[in-house]
Structure formats: C-alpha cells, structure tokens
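The values are calculated or read from the model by the stated rules, or taken from the named source; none is laboratory data. For clarity, every value in this text was computed on a predicted model and none was experimentally measured. For the accessible areas, the whole protein counts, side chains as well, though only heavy atoms, and no ligand, DNA or RNA atoms are used. Shrake-Rupley method; radii C 1.70, N 1.55, O 1.52, S 1.80 Å.
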Amino acid sequence: MNKKTVMLFKALGCSWRLKILEHLSKGTMCICELDDLYSIDKTTLETCKGAE
C-alpha cells in the first residue's frame, strides 16, 4: 500500500478527523478555526494539514 492510501485510511478511521474533513469540504478553514471547534492539540492539527 502506498503512503497516500495509508494516510487516507488513517483519516477515515478517526471520528474527529472525519468531522474536520466535513468542515473542510465546505471551504478553507484556518487551524485556529478548527481549534475553536475541537479541543485537539495544535500539533495534531498541523500533522493533519501536512497530510494533504
């Protein structure tokens, strides 16, 4: 399996990542906006951002 496939399944296997994807599907959001919506460590959000 390639790296992109692994990252996709990792994202789909986590409920809060799915919620983040739902918000991002509606448009671009700043990490600070996501932080306001969810109590998630900023380094975790940065890791998600880098997975694009």
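The listed residues 22, 33, once ranked by accessible area (1.4 Å probe) with the largest placed first, stand as 22, 33. If you sort 35, 41 by accessible surface, 1.4 Å probe, largest first, the order is 41, 35.
A 1.4 Å probe, protein heavy atoms only, puts the accessible area of residue 40 near 20 Å². Using 0.36 nm per residue and subtracting the Cα-Cα separation, the extra length available between residue 5 and residue 33 on full extension is 7.4 nm. Figure note: 39, 15 ranked by solvent-accessible area, largest first, 1.4 Å probe, ligands and nucleic acids not counted: 39, 15. Full extension of the chain between residue 41 and residue 12 gives 8.6 nm of extra length, using 0.36 nm per residue less the Cα-Cα distance.
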